[in-house]
Every structure is written in structure tokens, then in C-alpha cells.
Amino acid sequence: MAYDVNGTTIEHDEEGYITTLSEWTKELAEVISKAEDVDMGEEHWAVVNFLRDYYEEYQIAPAVRVLIKSIKKSMGPEVGNNKYMYELFPYGPAKQACKIAGLPKPTGCV
Amino acid sequence: MKFGIVVSEGPYTHQASDSAYNFVKAALATGHEVSRVFFYHDGVNVGTRLSIPPQDDRQIQAQWTALAKEHGLDLVICIAAAQRRGLLDKNEADRQGKDANNIADGFRISGLGQLIEMGIQADRTITFGD
Amino acid sequence: MATLHTVNKSPFQNQTLISCLGHAKVGDSVLLMEDGVYGAMSGTAMSEVVAGMGANVKLFVLGADVSARGIDASRVAEGITSVNYEEFVGMAASCDRVQNWL
Amino acid sequence: MSIVKKFLYVNRKAPYGTIYAQEALEVVLIGAAFDQDVSMAFLDDGVFQLTKGQDTKEAGLKNFSPTFRALGDYEVTKLYVEQESLDERGLTLDDLQDIQWEDEDDDYAEKPSIIVVSRAGMADVMADQDVILSF
């Protein structure tokens with residue numbers, strides 16, 4: 001199972017998460033988002049970039065409430081709220097946005 | 001009194017699961033309640049139905065399964081720890097595209113939240129591990 | 001507000017028992033179990049340390065693990081009480097919390 | 001869920017040699033969603049978990065030490081570190097990562113999460129808990 005980015009294949013698992021995190025590119029993110037039926041706008045990218053920065057710094061994808069709290073702080077409450085996040089990523093800001101951002105699947109532990 | 005039990009070492013390698021089993025049996029025998037047994041770290045390996053211990057040794061998984069049946073115990077295997085170590089129930093195996101599953105009767109796979117919830121609900125939480 | 005502590009490591013192998021006794025409060029109980037029962041033996045290099053550091057707590061040993069290791073009951077140091085699993089349960093119930101030193 | 005209990009996660013083991021430190025952190029991160037009164041204790045070899053400059057590349061392991069700095073986002077802001085354990089291992093506070101949390105009620109002021117306590121102080125922290133989970 002793989003995504004096709006301009007002729008290059010990027011392996012992914014059963015659920016669409018890429019297997020080798022270092023293979024992520026912005027072009028790949030566009031390809032994954034199409035497969036997910038998400039039309040990437042500015043806010044989508046802001047969330048994806050935030051997730052990647054957070055992962056780079058702390059080596060974990062943040063929990064949804066941490067994500068929302070941080071987005072609220074940096075982009076304001078009209079973006080940083082649960083409802084809007086789910087409008088951006090209908091299958092969940094954690095799962096879907098992490099997939100597009102090329103991060104590990106959040107361990108759905110709760 | 002309600003006890004919550006954590007088992008955090010693998011069977012046979014470590015005595016932890018045996019000690020936990022003896023404790024749970026004694027607790028039930030003296031009229032206490034055991035709200036949940038949560039298997040974490042290598043403790044998740046207690047829940048595989050594919051182990052074949054020698055006939056003259058204790059059957060750790062079978063003992064737990066029997067105790068769970070008799071007393072309606074809630075035996076929970078941590079999903080994050082289980083996935084690392086290759087323990088899957090049928091649902092997970094299907095979802096992850098794996099060709100087999102190995103969880104024994106009486107055990108269920110669930111999240112770490114179940115450990116925290118156990119700590120909140122139980123009067124005493126006791127860990128058997130290394 | 002007493003705590004029941006459990007220790008399952010031999011004091012000849014690591015510092016867990018020392019650490020536990022260094023943190024236990026006056027009136028707490030400490031139960032030696034699994035390989036921890038070796039810390040309950042008299043006449044060892046650790047006996048005096050255990051007796052000294054354990055002076056302010058109540059020391060117990062799990063009888064089942066003592067017999068399993070072939071330690072004769074007479075080798076369990078004075079002042080250390082042997083308990084069975086039901087008594088272990090009772091101690092856990094009557095303390096305010098249990099701390100397992102792993 | 002209205003019950004709020006005092007949870008203490010006790011860390012007495014070094015990172016990497018065994019998985020306990022890493023899986024303990026996973027429990028803490030998940031547990032943070034339950035709105036309990038959470039503290040972490042680092043004593044004995046557990047203090048090694050917090051040291052600066054961990055680089056796991058050559059060993060081929062996942063470096064989870066940066067995650068400690070995310071704990072503040074999860075409202076885990078009380079990391080008790082035992083002075084005697086540091087001393088015995090030739091460490092000082094300067095050898096540990098700078099871990100902070102943002103106080104929303106104080107204009108997002110950054111405050112240190114690490115609280116250095118004596119052995120007696122650590123015993124007091126332990127004796128004040130409802131649930132103690134050891135790793």
C-alpha cells in the first residue's frame with residue numbers, strides 16, 4: 001500500500017499513516033489530503049504545521065485538547081475550538097490531521 | 001473494599017503475575033471486590049491464548065481465565081503495550097491487516113485510560129511488577 | 001494515615017529495600033515478598049541494616065515466598081512477622097494507600 | 001467524573017535500559033485527560049530520566065526525553081526530584097532539562113515544573129497521595 005507522489009511511491013499502513021516518517025513532504029500531504037477528502041486551505045496548513053513543529057520539539061503528537069489550546073493561543077478562539085477543528089478535519093483533528101502531517105497514529109488510549 | 005490490580009511483568013519470567021493471582025484469589029475469598037486487573041508492560045503477555053506451558057507447571061493464562069469466569073473479573077490488556085508486543089484481538093487484527101489474533105478468553109484489550117479510571121474508582125490500587 | 005509498602009527485590013542485588021526504608025514513615029508497614037524475602041533473613045550482611053532502618057516501621061514477610069525459597073521459619077529475623085495472602089489483603093485494606101517499590 | 005484523587009507516578013528507573021520510563025510517560029500523558037491531581041516523583045536512578053543532552057541516534061532508540069518538556073501542556077506541573085538521589089549520582093539541577101509550564105492565570109508566565117525536595121520531603125509527598133503507581 002503506497003501513496004503516489006509524482007511517480008514516487010511512499011509506503012503507508014492499513015489506515016493510511018506513512019511508514020517512514022522522514023519521507024513526508026508538502027506534496028505528499030496534498031496527496032494524503034485528497035485521499036482523505038480534505039481540501040487543504042490556510043487553516044488546515046496551520047494545524048498541520050503546528051503538529052509537525054510540536055512533534056519535532058517534543059517527539060509526540062499533542063492530544064486534541066492540547067492542540068486546540070495551543071491553536072487558540074496562537075490563532076485565536078474562532079479557529080482554536082473543538083467545533084471548528086472538526087469542520088477542518090471531519091474525522092478528527094488528531095487522527096486525520098496527524099495522518100496528513102505524516103506523524104505516527106495517536107495511540108487512541110482513552 | 002474495592003481493589004484495583006496492575007500486573008506489569010510477563011508470565012513465567014517474573015513472579016509478578018503469580019503474586020497478583022494469589023492476591024486476587026485471597027481478596028475475593030475474604031469478601032472484597034476486585035474491580036479490574038490491568039495488564040501493562042510485559043504483563044500483557046499473560047493474556048495470549050497461544051502459550052503452551054509444560055503440563056507439570058502452572059497454567060498462568062488458564063488460571064486467570066478461569067478466575068475471571070468464576071468471579072466476573074474484568075481483565076484488561078493495555079492496547080498500546082499489547083500492540084508493541086504483538087498481542088491482538090480479532091478486531092485489532094482485522095483493522096491492522098494482521099493474519100492472526102491471540103487474546104485468550106476472559107481478557108479484553110482496551111486503552112490506558114482504563115488504568116487511570118481503575119485508580120479513581122478503586123479504594124486501593126496495587127501493582128505487581130519488577 | 002499509614003502506608004503499606006511492598007518490596008520484591010533481594011537487598012543483596014539492589015537498593016530498593018534501602019530506598020523503601022529510607023522513605024517509609026513511622027508507623028508504616030513494609031511487606032517483603034518474592035525475592036524481597038531474602039531481606040528478612042537473620043545473620044546476613046543486611047540483617048543489621050534492615051533492623052536499624054526498619055526500627056520505626058512494622059516489618060512483615062510473605063510466608064509463601066519464604067517457604068518457596070527454602071528459608072526455614074527460624075531464619076526469619078526477630079521482629080519480622082510472617083503473613084499469608086489473606087493477611088496481606090487485610091493489611092492493604094486497613095492502610096490508607098499501598099506503595100509498591102518496584 | 002467528579003472524584004479528584006491525588007495520583008503520584010513514581011519513577012525510580014533509568015531510561016533506555018528497560019522500557020519502564022517510556023511507558024510510564026505514556027500513562028502520565030493519557031492520565032492527564034482525567035482531571036486528577038497529578039504529580040511525578042523522580043528518585044534513585046529515575047533522576048537519570050530528566051538529564052539534558054540525551055542523544056539516542058547511535059544506539060538506535062527512540063529519544064523520549066523531549067516529551068518531558070511537553071508535560072506542562074498536559075497540566076502536569078509537579079515533578080518532584082529528590083536531592084539525595086541527585087547528589088549520590090553526582091548530578092545537580094543544571095544537569096537536568098529545563099522543564100516549564102505556562103500559567104494561564106498569570107498571563108502565561110513560564111514557571112519551573114521541577115521541584116527539588118529532600119528525601120524527607122519526598123517521603124512527605126508520597127504519604128500525601130491517594131494512588132501511587134510505580135514504574
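If one takes the accessible area of chain D alone plus chain B alone and subtracts that of the pair, with a 1.4 Å probe, what total in Å², rounded to the nearest 100, results? Don't skip to the end; give the middle numbers.
Working: alone 7800 and 6980 Å², together 13070 Å².
By this definition, chains D and B bury close to 1700 Å².
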Among B:Thr127, B:Gln114, B:Gly4, whose Cα lies farthest out toward the positive end of the dipole of the range B:2-128, if unit charges sit on the beta carbon of Lys, Arg (+1) and Asp, Glu (-1)? B:Gln114
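Work out the mean other chain Cβ neighbour count within 10 Å for the residues of B:109-121 and drop it here as an integer.
On the way: counts 0, 2, 5, 11, 8, 3, 5, 16, 4, 1, 10, 11, 3.
Taking all residues of B:109-121 together, the mean is 6.
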Checking rank on B:110-119, D:68-77, with mean other Cβ inside 10 Å and highest first, the result is B:110-119, D:68-77
Can you give the average number of partner chain beta-carbon atoms within 10 Å of each beta-carbon in peptide A:80-93, as a whole number? 0
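At 222 nm, what helix-only mean residue ellipticity would chain C give, in deg cm²/dmol to the nearest 500, using -39500 (n - 2.57) for each DSSP H run of four or more? Display every interim value, and only then the final one.
Details: 4 runs with 31 residues, N = 102.
The per-residue figure over chain C is -8000 deg cm²/dmol.
For chain B, what does the convex hull of the Cα positions come to per residue, in cubic angstrom?
Numbers: hull volume 13.1 nm³, N = 130.
Considering the Cα atoms of chain B, their hull volume per residue is 101 Å³.
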Be a star and scan the range B:1-26 for residues whose amide nitrogen sits under 14 Å from the point 7 Å along the Cα-to-Cβ vector of B:Asp123. B:1-4
Tell me, how many Å apart are the Cα centres for the range A:21-56 and for the range B:102-130? 36
So what does C:Ser74 come to for accessible area, using a 1.4 Å probe and Å² rounded to 10? 90
Cα gyration tensor of chain C - equivalent ellipsoid semi-axes, whole Å, descending: 19, 16, 12
Chain C - share of DSSP beta bridges that are antiparallel (%, nearest 5): 5
Highest mean first, how do C:79-85, A:66-72 rank when packing is the count of other Cβ atoms within 10 Å averaged over residues? A:66-72, C:79-85
So how tilted is helix D:20-31 from the main axis of chain D? Cα-based, degrees 0 to 90, rounded to 10. 20
Please grab the % of Cα pairs in chain D that end up more than 22 Å from each other. 35
Taking only the alpha-carbon positions of the protein assembly as shown as identical scatterers, the Debye log10 I(q)/I(0) at q = 0.11, 0.12 Å⁻¹ comes out as -0.97, -1.13
0 to 90° range, to nearest 10: angle between helix A:42-58 axis and chain A longest Cα axis: 80
Can you pull out the buried accessible area for chains B and C, both sides counted, probe 1.4 Å, rounded to the nearest 100 Å²? 1500
Points 7 angstrom from Cα along the Cβ direction at A:Tyr91 and B:Gln59: gap in nanometres? 4.2
Report, ordered by chain and residue number, the lysines lying within cross-link reach of A:Lys73, taken as a straight Cα distance under 19 Å and ignoring same-chain residues fewer than 8 apart. A:Lys83, D:Lys111
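Could you tell me the calculated FRET efficiency between A:Asp37 and A:Ala2, based on Cβ-Cβ distance and R0 = 25 angstrom, to the nearest 0.05? Show your work: numbers first, answer last.
Working: r = 19 Å, r/R0 = 0.76.
Efficiency, rounded to the nearest 0.05: 0.85.
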Cα lying deepest toward the dipole's positive end in the protein assembly as shown, options C:Ser82, B:Phe39, A:Ile68, charges on Cβ: C:Ser82
Starting from the Cα of B:Lys25, draw a straight line to each of the lysines and keep only those under 17 Å, dropping any in the same chain fewer than 8 residues away. B:Lys2, B:Lys69
Distance (nanometres) between label positions extended 7 Å along Cα→Cβ at D:Asp94 and B:Thr30: 5.2
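Report, in deg cm²/dmol and to the nearest 500, the calculated mean residue ellipticity at 222 nm for chain D, where each DSSP H run with n ≥ 4 adds -39500 (n - 2.57) and the sum is divided by the residue count. The partial results should precede the final answer.
Working: 3 runs with 27 residues, N = 135.
The helix-only estimate for chain D comes to -5500 deg cm²/dmol at 222 nm.
Can you give me the relative contact order of chain A as a percent, contacts being Cα pairs under 8 Å and 6 or more apart? Mind showing how you got there, number by number?
Values: 120 pairs, mean separation 30.3, N = 110.
This gives 28 percent for chain A.
About the Cα centre, and with charges only on the beta carbon of Lys, Arg (+1) and Asp, Glu (-1), how big is the dipole of chain C? Nearest 20 debye, please. Write down the numbers at each step before the final one.
Details: 6 positive and 10 negative charges, 40 e Å.
Result for chain C is approximately 200 debye, rounded to the nearest 20.
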Of the residues D:Met126, C:Val37, D:Leu8, the Cα lying farthest along the dipole of the protein assembly as shown towards its positive end, which is defined by charges on the beta carbon of Lys, Arg, Asp and Glu, belongs to C:Val37
What is the set of long-range amide H partners of B:Val6 at a cut-off below 5 Å, with H atoms built 1.01 Å from backbone N? B:Phe38, B:Ile126, B:Thr127, B:Phe128
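So what's the range C:31-71 giving for Cα Rg divided by 2.2 N^0.38 Å, two decimals?
Numbers: Rg = 10.0 Å, N = 41, 2.2 N^0.38 = 9.0 Å.
Normalised Cα radius of gyration, the range C:31-71: 1.11.
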Cα centre as origin, Lys/Arg/Asp/Glu Cβ charges: the range A:2-100 dipole, Debye: 600
Would you mind telling me which residue in B:Lys69, B:Lys25, B:Lys98 has the biggest mean-square fluctuation in a Gaussian network model of chain B, where springs connect alpha carbons within a distance under 10 angstrom? B:Lys98
Can you compute the radius of gyration and Dmax for the range A:2-100, using only the Cα atoms, both in Å? 13.3, 40
Counting only protein heavy atoms with a 1.4 Å probe and every protein chain in place, the carbon and sulfur fraction of the accessible surface of the range A:2-100 in whole percent equals 49
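With the full set of protein chains in place, find how many percent of the accessible area of chain B is carbon and sulfur; take the probe as 1.4 Å. Let's see the in-between values first.
Working: 2260 of 5130 Å².
Heavy-atom surface of chain B belonging to carbon and sulfur, 1.4 Å probe: 44 percent.
With +1 on each Lys and Arg Cβ and -1 on each Asp and Glu Cβ, and nothing else charged, work out how big the dipole of the protein assembly as shown is about its Cα centre, in Debye to the nearest 20.
Values: 42 positive and 71 negative charges, 220 e Å.
Taking the Cα centre of the protein assembly as shown as origin, the dipole is about 1060 debye.
Quick one: accessible area per residue over the range D:6-134, 1.4 Å probe, rounded to a whole number of Å²? Before the final figure, lay out each step's value.
Numbers: 5310 Å² over 129 residues.
With all protein chains present, the range D:6-134 gives 41 Å² per residue.
The values are calculated or read from the model by the stated rules, or taken from the named source; none is laboratory data. Everything quoted here is computed from the prediction, not taken from an experiment. Cβ: placed from backbone, ideal geometry, glycine included. Neighbour counts: every protein chain shown. All accessible areas refer to the heavy atoms of the entire protein, side chains included, with ligands and DNA or RNA removed. Shrake-Rupley method; radii C 1.70, N 1.55, O 1.52, S 1.80 Å.
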